[in-house]
Amino acid sequence: MIEKSLKSVLPEHCIICDKEEIIKLTRDTSSNSQRIDFIVYPENIEQVKQLVLLANKINLKLYPISTGNNWGYGSCHPPQAGCILVVLEKLNQISLDEDLNLLTIGPGVTQSDLYNYFKKQNLEYMVPTTGAGPNCSIVGNALERGYGITPITDHFASVMGIEAILPNGEVYKSPLIANNMAPVLKWGIGAYLDGIFSQSNMGIVTSMTLMVEKKPTSVQMFVSYVSYGKLSKAISAISTLLSQSKGNIGGINIMNANRVSIMSDDCSLSTKKYNRESKWLIVGTIYGEKKHVKATRSLIKKNLSPITKKTIFITSKTAKFIQKLSCIVPSCFNKLKRSMFELTDLFGLFEGIPSHISLRLAYYKNRNKENVTDLDPARDQCGLLWYSPIVPMKSSEFEKYIDFVYIICSKYNIEPAITLTSLSSNAFDSTIPLIFKPYSTEELIAYDCYHELLTTGRALGFTPYRLHSAFMNKYFMSDTPHGKLTKQIKKIIDPNNIISPGRYE
């Protein structure tokens, strides 16, 4: 009955109902799964609209995704069973207004797609890259309020306009777009409503317009190490630096030795234990004209010199030279050779060139499955959960956060592989990967650890910026005024609850 109804609004080749095929297409980086009976691939916006109208008519539950590569957060799985998975990867249109630097794309456009588009058109723009890799959706990442390390760190902040199919089948357009105007201002007129489509279940976003940055004249990466005893001073220095640089620095990463080690190709590191006293790595990038970069380098040296012995600055030219040099390094120094070779990929990520390099950590316990040119942690059975709380950029809060993470992770014998990425001069987002062997006792321990990190972290004031789909119902704060208002809006615009039931509810 359902299959016949779906065929009335979608071509047969856009519908998958074979159970084995569905299992293959919905693999996750854990044993987490929900029953999915159908997967559909609409080819245009009109088909999405007709699918929504059908869902209201016969009470279908739809779970829209972009590409489904939401590794560590549930991949493509809904919070509840029985949903039809609506994969929007065929909505992959790209257009660019070069005069206004406004990019309009569909949810199916990946980082790799956009990079190839810029390259083909000979355009010097930077892709809003993330560590998730080339095969992940830009729209999906922005709607989950993802972030990167290029000049526009906060990806939803760059969103200027949205088109979406509402639960009643009507088309929503941001105010300026609805008035046949380019969305040159995020707000338009009246109540700002675009935000209700971010981390929600209020509609199906079919198009997004966002600001993109041209590649500046000069890009330089800076790297330094700091002892744990000086980390509190480092937090203060980074906050001051970001305030003073006024946009010339992208996101700054602070990583402990555990995080660096699990991204290494040297398997011997997997047995080496680090404590918080081990050196911490600081990595950031400067963007701008040469005179801006020169001035920003001076600011970095001024702020970091009291807490670190030396700060190294690396240009694209230097990175490429080191990569060439790696060819003559003897194979007995494999770790050094690999690090030298990967420097260009890492630098490219800062320049807006998609790369798999950050995703390698998911293979920490599964290196034999790793193919550096084609990483897919779900396909390759890598166990991964992400804990990702917001941490105020304040020394006392930072110390409290580090203490709590080390205590909880050591309790479960899980490496506290910490990265903190600056979202502004006030806030970090921290990411901690819980890596395990799926379908084993390791996974049960990882879930227990994740649960305690969430509950204890919230009690201490560290709220995650996003949640794994399996935990949305339990950990989203639905009893707050914000949660109650969200429910009221949902009930009004989606009375039949057909769009993503349970998502951030």
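When Lys and Arg each count +1 and Asp and Glu each count -1, what net charge do the other residues less than 13 Å away from D494, Cβ to Cβ, add up to?
On the way: positive: K61, K487, K490, K491, R503; negative: E170, E505.
Taking every Cβ under 13 Å from that of D494, the sum is +3.
Give me the percent of the accessible area of the chain that comes from carbon and sulfur atoms, probe 1.4 Å, all protein chains in place. Walk me through the numbers on the way to the answer.
Working: 12030 of 22360 Å².
Heavy-atom surface of the chain belonging to carbon and sulfur, 1.4 Å probe: 54 percent.
What is the local net charge at E89, summed over the other residues whose Cβ is closer than 12 Å to its Cβ (Lys, Arg +1; Asp, Glu -1)? Write down the numbers at each step before the final one.
Working: positive: K90; negative: E43, D113.
My count for the surroundings of E89 gives -1.
Please give the length that would be gained between A157 and S198 if that part of the chain were fully extended, namely 0.36 nm times their separation in residues minus their C-alpha to C-alpha distance (nm, one decimal). Mind dumping the intermediate values first?
Numbers: separation 41, 0.36 × 41 = 14.76 nm, distance 1.11 nm.
Difference between extended and current length: 13.7 nm.
Rounded to the nearest 500, what is the chain's calculated 222 nm mean residue ellipticity when only DSSP H runs of at least 4 contribute -39500 (n - 2.57) each, over all residues?
Numbers: 15 runs with 165 residues, N = 505.
Rounded to the nearest 500, it is -10000 deg cm²/dmol.
Compute the angle between helix 316-326 and the longest alpha-carbon principal axis of the chain, please, reported from 0 to 90 degrees and rounded to the nearest 10.
70
Just to confirm a number: summing +1 for Lys and Arg and -1 for Asp and Glu over residues other than C449 whose beta-carbon lies under 11 angstrom from that of C449, what do you get?
On the way: positive: K411; negative: E415, E442, E443, D448, E452.
Net of charged neighbours comes to -4.
Above 21 Å lies some portion of the pair distances; for the range 147-260, what is it as a whole percent of all C-alpha pairs? Provide the component values of the computation, followed by the final result.
Values: 3549 of 6441 pairs.
Of the Cα pairs, 55 percent sit more than 21 Å apart.
Show Y439, Y228 ordered by accessible area, largest first, where the area counts protein heavy atoms only and the probe is 1.4 Å.
On the way: Y439 170, Y228 45 Å².
So, going from the largest accessible area down, we get Y439, Y228.
Below 26 Å, Cα to Cα, which lysines can K24 reach? Residues fewer than 8 away in the same chain don't count.
Reachable lysines: K4, K7, K61, K90, K365, K369, K437.
Using alpha carbons only, how many degrees (0 to 90, rounded to 10) separate the axis of helix 334-350 from the longest principal axis of the chain?
The helix 334-350 is inclined about 60 degrees to the chain.
Compute the whole-percent fraction of alpha carbon pairs in the chain spaced more than 37 Å apart.
Working: 35923 of 127260 pairs.
Of all Cα-Cα distances in the chain, 28 percent exceed 37 Å.
Accessible area per residue, 1.4 Å probe, Å², for the range 85-149: what's the number? Don't skip to the answer; put the middle values down first.
Values: 2460 Å² over 65 residues.
About 38 Å² of surface per residue is accessible.
Leaving out ligands and nucleic acids, note down the accessible area per residue over the range 386-434 with a 1.4 angstrom probe, in whole Å². Display every interim value, and only then the final one.
Details: 1600 Å² over 49 residues.
Per residue, the range 386-434 has an accessible area of 33 Å².
Over 27 Å, how big is the tail of the calculated P(r) for the range 1-157, in percent of all Cα pairs? List each step's numbers first, then the result.
On the way: 3622 of 12246 pairs.
Of the Cα pairs, 30 percent sit more than 27 Å apart.
The values are calculated or read from the model by the stated rules, or taken from the named source; none is laboratory data. Here the structure is a predicted model, which means the values were calculated and not measured. Neighbour counts are summed over all protein chains in view; Cβ atoms, including those assigned to glycine, are modelled from backbone coordinates with ideal geometry. Side chains are part of the model used for accessible areas, which takes the heavy atoms of the whole protein and leaves out ligands, DNA and RNA. Shrake-Rupley method; radii C 1.70, N 1.55, O 1.52, S 1.80 Å.
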